[in-house]
1. Filter region B:202-230 down to the residues that are in contact with a helix residue (DSSP H, G or I) (Cβ under 6 Å, 6 or more places away or on another chain) and crowded, with 18+ Cβ neighbours inside 10 Å, then identify the one that is modelled with the lowest pLDDT.
2. One residue is enough: does region B:292-300 have a residue meeting the conditions modelled with pLDDT under 70 and over 17 Å from A:Cys219 (Cα atoms)?
3. Any residue in region B:119-141 that's within 30 Å of B:Gly106 (Cα to Cα): show its pairings with residues that are among the polar types (S, T, N, Q) and assigned to a loop (DSSP other than H, G, I, E, B) at Cβ separation under 7 Å, as long as the two are six or more apart or on different chains.
4. Has region A:268-275 got at least one residue that is farther than 23 Å from A:Ala171 by Cα, away from chain B (no Cβ under 14 Å) and buried (at least 16 other Cβ atoms within 10 Å of the Cβ)?
5. Only one residue in A:Met265, A:Met283, A:Met260, A:Met287 is away from chain B (no Cβ under 11 Å), closer than 25 Å to A:Glu20 by Cα and more than 16 Å from the chain's Cα centre (by Cα). Which one?
6. Within region A:92-117, can you find the residues that are under 23 Å from A:Trp35 (Cβ atoms) and within 14 Å of chain B (Cβ to nearest Cβ)?
7. Which numbered condition in (1) part of a loop (DSSP other than H, G, I, E, B); (2) of a type in the set (A, V, I, L, M, F, W, C); (3) under 19 Å from the mean Cα position of the chain (by Cα); (4) more than 14 Å from chain B (Cβ to nearest Cβ) is the only one that A:Cys220 fails?
8. Could you pull out every one of the helices (runs of 4 or more DSSP H) wholly within region A:70-177 that has 3 or more residues that are under 14 Å from the mean Cα position of the chain (by Cα)?
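The values are calculated or read from the model by the stated rules, or taken from the named source; none is laboratory data. Not measured: the values here are computed from a predicted model. Cβ sites come from the backbone with ideal geometry, for glycine too, and all protein chains shown count toward neighbours.
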Amino acid sequence: MSDKPRQKTYARTIPHPLFERLIVDDAMNKESNEWKPERYHEYGYFPGCVDFMDVEVKFTHLNKGDADHASIAAASIKLLNYADIDPLVLDMNVFKCSGHDQLWQGNLEVFDALKEHNLKRLKESGIKIITCSCAECYRTFAVDYDLPNTLGIKVEHITQTLQGRGLKFKAPENVTVAYHDPCRLGRMMGEYEAPRDLIQLVDGATMVELENNKERALCCGVSSMMYCNDATKAVRRKRLDQGTDAGIDLMLGGCPKCYMHMQCMLNEERMNPEEGHHHDYEMMDLMQFLVACLEDEK
Amino acid sequence: MSEEKILEDDASEMIAESIQEQQELDTIRKLENREEHSVLEASLVKGEPLYPHELSRDTVYTFYVLSIMFYLGAFVPPPLHESADPTAGTAYPPPLPDWYLLWAFGCLKVATDLKIGLPLSMIPFLGLDDIELFLMSAKVWGTLVQGLIVGLVVAVPFIDRALGAVIDPQYGDVINRGHERRPIEDPVRAAIGVYGIAMVIMLSVFSINANIALYYPEVTTDLLYALTLWGPIACALITYLFLDRRRSEGAKPLSDEERFDLYTKGIQDRRMQRIYEFKLNRCYQCGLCDDICPVRDMEGEHELNIIFNTFQNKHDGVALWSCISCGMCTAVCPQNIEYVDYVLEQRLLATLGASTEGANLDLPGTGSTPVGGVAYER
């Protein structure tokens, strides 16, 4: 026993996935150069930490998912272009993670480092509106960064950006879909209608409501990547059971984390059919679904 | 004989055991119900109806008491003394009422006939005599004063705030919010209260003047009359001056910030760390958040009862970090308490000042620090 007081190492008390550690490493690297976008953009699109998520999904043996998060970012950019918006892509080359998970894990030092870097970059970028395809980033920018009041930048979720722009979609085949409200977008930011309006635009897609929807929507269980244990899996399974009860073909989410974990759960159930849990539908992100329903390729 | 006795003992033991088992079962059931305070279940719980349950029960009790009184009145008459003698002389010292009615007796004694003298002879050339207008006799006046005092005490709840709004309009919304209750913050009302108490005591003392004069001849009725008149006024003045001086010395009413500082710094047991916990006091514990919490629903009916733990001041450890911060509690809260923000604050507080060294790519469990090792500096 040494006489030195033990150092606080809270970071290890939370079961960090690989990509959380990569983000912490990235955040603590304070080196940064001057950066200037090539031309003026009104809109900025923030894809979030989708690259890190792909690293997590594809290169760790801890989970069963094979979700392709980069396609969410690609689909979002495609849809923004389809709506005649030319966004500046604020990807991980110049930006860093928004820091939502670090904040909610109590990791204030990392969050402050990320926030400082991102605010500096946002000032340099000169955009007026920032749009995110991730509900957690949306909440973090709007509430925790307080961008509308500090930098005067309007924060939108991508469904709000695409809403009311006269888009038309056609589903390749008739499907029954349900929208799973992410907690950050719905309950915390109060946006329930924009994603539903977008789904209503799709010709050939029938939207049904799950048993718990809007304010009472069940959580996917792993906001801010805190745990993936039996309790959170039970929460997720309850949500998936509601999908089966509603008889849907597709469940659509507005947050990459919901997509990632629901899809991981569905895969795991298919790998272990002897356990008897089976849900006969797929989980998709709303952006992936919409881009699959585009009528004409531009 | 002995066998029968043993059998009786066995039976009584068995009865006692069964009663004890029943009590334990009841206790367990109560505890279980306390954990599962569902809103839907609570609405199904109904009390006893007034008719016929309570009505019949009260009727039985009433007749029971009446029969006892009838029996006592009929068969056990009270011991009566000899009949009163109207020709006997007045007793001295006179008989007195009970002690709690002495003030009313004093009112009757203090009162004198109310008269107004009109000095009409001062007016020249008319030759009129002085007239004395007789307003009210001492008996009527003394009786009315008793009613007046009781009426004032009864009227306080009705006129108190209205008077407050008239007396100190700069204080704010006295009608709805009330005024300060501490004597030091309101010397005027305190002085009035002291005047009333001193007056009742002095009236009681004055009412037994004849009995006092029997033992202390130097305490005359005039002296007692003067004391009854001026004593309470002197007490009220002293009270007002003392409290007003204390107030001017700096004993002012607390503002909200000062009160919060008092709670945070002065009362250590409460562990009230942030203003957010202050806001949690809006909760009236309807239990909707607890019912809808998915973590509690899925696991840990007892251990991971996050919100319940918070109100037990145990918001740390596993329960705090098990919250998935989905915000369902906030969505259903009738008081709009942002419970997830509170969880966020508590997490930030719990890891305040922690280092990020070694948090990067080390595998859990390796190195000098085991997984789950959190050392708080307290």
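1. The extreme case among them is B:Asn209.
2. Within region B:292-300, one or more residues are modelled with pLDDT under 70 and over 17 Å from A:Cys219 (Cα atoms).
3. Pairs that qualify, where the first residue is within 30 Å of B:Gly106 (Cα to Cα) and the partner is among the polar types (S, T, N, Q) and assigned to a loop (DSSP other than H, G, I, E, B), are B:Ala138/B:Thr112.
4. yes
5. Result of the check over A:Met265, A:Met283, A:Met260, A:Met287: A:Met265.
6. Hits for region A:92-117 are A:Gly99, A:His100, A:Gln102, A:Val110, A:Phe111, A:Asp112, A:Ala113, A:Leu114, A:Lys115.
7. In the conditions (1) part of a loop (DSSP other than H, G, I, E, B); (2) of a type in the set (A, V, I, L, M, F, W, C); (3) under 19 Å from the mean Cα position of the chain (by Cα); (4) more than 14 Å from chain B (Cβ to nearest Cβ), A:Cys220 misses (4) alone.
8. So the answer is A:70-82, A:135-139.
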